[in-house]
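Trainee: The structure follows.
The values are calculated or read from the model by the stated rules, or taken from the named source; none is laboratory data. These numbers were taken from a predicted model, which means no experiment stands behind them. As a convention, Cβ positions derive from the backbone with ideal geometry for all residues, glycine included, and neighbour counts pool all protein chains shown. Heavy atoms of the whole protein, side chains included, go into the accessibility calculation; ligands, DNA and RNA do not. Shrake-Rupley method; radii C 1.70, N 1.55, O 1.52, S 1.80 Å.
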Amino acid sequence: MSTLPKLTLLPEVEKFLSRERLTSFVGGQPLASSSNNCIATYDPGSGEKLADVEELTPQEVDQAVQIADEAFKNTTWATMPANERAALLHRLADAIESHKSIIGQIESLDAGKVEAQAQGDVQNCSDTLRYFADLAQHMNHRTTLAVKGHEAWTFRKPWGACAFIFPWNFPFLLIGWGISPALAAGNTVVIKPAEDTPLSAIYLAELAKEVGIPDGVINVITGRGATVGAALSNNKVIKRMSFTGSPEVGRLVGEACGRNLVPVKLELGGKGAAVIFDDVDVADTAEKLAAAITFHTGQVCCDATRWLVHQDIYDDFVNRCVSLLSEVKIGHQLDDSTQMGPVVNAKQRERVLGYLEKGVAEGAECLLTGGPANVAGFPGNFVKPALLAGSLDNTAAQEEIFGPVAYLAPFKTEQEAIEMANYTTYGLANSVWSADLARAARVAESMVAGNSWINAHNVFAQGVPYGGINQSGLGGGVLSVETLLDYYRSTSVVRPL
Ligand code: NAD
């Protein structure tokens, strides 16, 4: 019998979690696994089990892809006019919005995400679906080419069954970013959510069935990365792979796809910098960066994790950040007063604490001591925000920690700041903070990464390509027309006159 405070859940959430086992959802119906293996998923705030989720066998993964491939070939999904497909996708977006509080609460419980932020992710998924549904209606599918002596044109068609492997930090939002362009172009999709956070994906697949998306168009397969993820990456029927997660696993997925010559998009980790010049409003900038590093407990791939601060404002900036971060309210993710929830699991908590120890052992100055946090009544995976400072060669300044930890260093000149920002093997997202917009634009263009933001961090607008380079990934173009184009194959047709 649990001794934890009773969380008040929505009746629909209670009902969803009350099933004895949750399963994959393939071809418009639950797909029970013959493996008899289940993976339990937990509330990282309370440590309580939420559900047992079945793990598919590699053969069942292949079966799921086969079903997605058949749905591509045999339903009208791929061939219906783009506006009809868009109408169905808008219907799915409507259903997501009308179930926002339910999906948001499921996501909050499963990922440890503050409930209001989880609801924001649900809205974002729906917005992304609508964006790509609309964009696809305006695509030119047939383009005539003016070529001397020939009649020639190109045309675009969807590829077929496309695979998606997702991480645990933004499960529902990333599903939206990933599958929306693929679906809008007329492909079918097979989604493998992370084993820590499979619940919202299963809910989505069931919702898609309810709103009339044809069976087999949206499929969700559950299980461990090393079995289910690996089987999906090695499948020869998939036409494209999109992987979001760590560089280590990204490499494995890329290798498997390379062997099968399947095009692959990799969205990987980061070690983003924020370059802060001496003409900023120090109080305002400190507030925004403190909010960024505590947002989803720092488990954000594109977070500002290295704060490079002009020497003239360094002490003032540090003092303000220390004071702001010391006051962050840490608590269970469903508590309305919580500003920062738990990290996703005990392993992630150990990872964050381990990096703090290692950073200090290598000589970093501890500006704000982090460490484990206690939340009354909840034994979950809570950690405090921490600030380290010192040499950028420190492991804590070079490797992705994925927790509420920022590493600070002062700079003197613009050139020095750019060199410091680029002193990383990653290349996902950086920001520059200055009242001088010409300087800000110059620095933004000099930082080597897929994304540069000015006077803000974590900015995602549908229509602006997002993605990483170097250790942060390849393929990019997420959330923009570039990715929609990836989900069409192009054929040239030519006839000599
Ligand atoms: P992870 O790489 O451990 O796992 C990601 C997914 O891969 C999970 O679904 C997992 O089950 C699966 N997987 C694991 N082993 C596999 C294998 N051998 N073959 C195929 N699939 C396998 O990453 P994580 O810990 O879930 O997520 C955190 C990482 O994701 C961080 O590095 C973060 O920066 C990155 N991330 C990047 C972006 C982006 O847009 N660039 C967004 C979110 C997260």
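Trainee: Give me the strands (runs of 3 or more DSSP E) completely within region 262-350, filtered to those with at least 2 residues that are closer than 30 Å to residue 240 by Cβ and not basic (Lys, Arg), ordered by residue number.
Mentor: Those strands (runs of 3 or more DSSP E) span 264-267.
Trainee: Could you please let me know if residue 464 is at pLDDT 95 or above, touching a Gly at 6+ places or on another chain (Cβ under 6 Å), assigned to a loop (DSSP other than H, G, I, E, B) and of a type in the set (A, V, I, L, M, F, W, C)?
Mentor: No; evaluated as a whole, the condition is false for this residue.
Trainee: Now a separate question. Can you say whether residue 12 is out of contact with any Leu (no Cβ under 9 Å at 6 or more places or on another chain) and farther than 22 Å from residue 161 by Cβ, as far as the supplied structure shows? Talk me through it step by step, then tell me what you get.
Mentor: Values: out of contact with any Leu (no Cβ under 9 Å at 6 or more places or on another chain): yes; farther than 22 Å from residue 161 by Cβ: yes.
In short, yes.
Trainee: I've got another one for you. What are the residues in region 172-231 that are in a helix (DSSP H, G or I), more than 11 Å from the ligand (Cβ to nearest atom) and open to solvent by 10 Å² or more (accessible area, probe 1.4 Å), if any?
Mentor: Within region 172-231, 203, 206, 209, 210, 211 meet the criteria.
Trainee: Out of all the residues in region 314-348, which are in contact with a strand residue (DSSP E or B) (Cβ under 8 Å, 6 or more places away or on another chain) and either at pLDDT below 95 or open to solvent by 40 Å² or more (accessible area, probe 1.4 Å) (or both)?
Mentor: Hits for region 314-348 are 326, 329, 339.
Trainee: So, residue 434, is that one more than 16 Å from the ligand (Cβ to nearest atom), closer than 30 Å to residue 148 by Cα and of a type in the set (Ser, Thr, Tyr) or not?
Mentor: no
Trainee: Return the pairs, sorted by first residue and then second, in which the second residue is among the hydroxyl-bearing types (Ser, Thr, Tyr) and open to solvent by 10 Å² or more (accessible area, probe 1.4 Å), the first residue lies in region 476-497 and is assigned to a loop (DSSP other than H, G, I, E, B), the beta carbons are less than 7 Å apart, and the residues are 6+ apart or on different chains.
Mentor: Taking only residues 6 or more apart or on different chains, the pairs are 479/466.
Yes or no, residue by residue, for (1) without any contact (Cβ under 8 Å) to a residue 40 or more places away in the chain; (2) of a type in the set (Lys, Arg):
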{"site": "104", "(1), (2)": "yes, no"}
{"site": "107", "(1), (2)": "no, no"}
{"site": "110", "(1), (2)": "no, no"}
{"site": "118", "(1), (2)": "no, no"}
{"site": "124", "(1), (2)": "no, no"}
{"site": "132", "(1), (2)": "no, no"}
{"site": "137", "(1), (2)": "no, no"}
{"site": "157", "(1), (2)": "no, yes"}
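Trainee: What are the residues in region 233-272 that are touching a Gly at 6+ places or on another chain (Cβ under 9 Å), open to solvent by 10 Å² or more (accessible area, probe 1.4 Å), of a type in the set (A, V, I, L, M) and more than 10 Å from the ligand (Cβ to nearest atom), if any?
Mentor: Scanning region 233-272 gives 237, 264.
Trainee: Take the residues of region 125-160 that are hydrophobic (A, V, I, L, M, F, W, C) and under 18 Å from residue 495 (Cα atoms): which is least open to solvent (accessible area, probe 1.4 Å)? Step through it out loud before you land on a result.
Mentor: If we filter region 125-160 for residues that are hydrophobic (A, V, I, L, M, F, W, C), which is where we start, we get 125, 129, 132-133, 135-136, 139, 145-147, 152-153, 155, 159.
Still in the running and under 18 Å from residue 495 (Cα atoms): 145-147, 152-153, 155.
Details: 145: 69, 146: 112, 147: 69, 152: 8, 153: 62, 155: 43 Å².
Applying the filter and picking the extreme gives 152.
Trainee: Next question, about the same structure. Considering 101, 33, which residue is under 22 Å from residue 164 (Cα atoms) and of a type in the set (Ser, Thr, Tyr)?
Mentor: Step by step, each of 101, 33 is checked, and only 33 is under 22 Å from residue 164 (Cα atoms) and of a type in the set (Ser, Thr, Tyr).
Trainee: Checking the conditions here, which among 15, 49 is within 25 Å of the chain's Cα centre (by Cα) and free of Cβ contacts under 8 Å to residues at least 40 places away in the same chain?
Mentor: Every option except 49 fails the conditions.
Trainee: Six or more apart or on different chains, Cβ atoms under 6 Å: show the pairs whose first residue is in region 289-302 and hydrophobic (A, V, I, L, M, F, W, C) and whose second is within 16 Å of the ligand (Cβ to nearest atom) and outside any loop (DSSP other than H, G, I, E, B).
Mentor: From residues that are hydrophobic (A, V, I, L, M, F, W, C), the pairs are 289/304; 292/304; 293/406; 302/272; 302/429.
Trainee: For residue 415, which of the numbered conditions (1) without any contact (Cβ under 8 Å) to a residue 40 or more places away in the chain; (2) under 16 Å from residue 307 (Cα atoms); (3) open to solvent by less than 60 Å² (accessible area, probe 1.4 Å) fails to hold?
Mentor: Result: residue 415 fails condition (3) only.
Trainee: Still on this model: I need the full set of residues from region 354-365 which are surrounded by 17 or more Cβ atoms within 10 Å (Cβ to Cβ) and assigned to a loop (DSSP other than H, G, I, E, B), in order please.
Mentor: Taking region 354-365 first, the residues surrounded by 17 or more Cβ atoms within 10 Å (Cβ to Cβ) are 355-356, 359-360, 364.
Within region 354-365, just 364 meets the criteria.
Trainee: Starting from residues that are in contact with a helix residue (DSSP H, G or I) (Cβ under 9 Å, 6 or more places away or on another chain) and assigned to a strand (DSSP E or B), keep the ones in region 130-171 and report whichever is farthest from the ligand (Cβ to nearest atom).
Mentor: Across region 130-171, the extreme among qualifying residues is 157.
Listed here are the residues, each with its yes/no results for (1) closer than 27 Å to residue 467 by Cβ; (2) open to solvent by 60 Å² or more (accessible area, probe 1.4 Å); (3) touching an Asp or Glu at 6+ places or on another chain (Cβ under 6 Å).
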residue: 352; (1), (2), (3): yes, no, no
residue: 376; (1), (2), (3): no, yes, no
residue: 384; (1), (2), (3): no, yes, no
residue: 419; (1), (2), (3): yes, yes, no
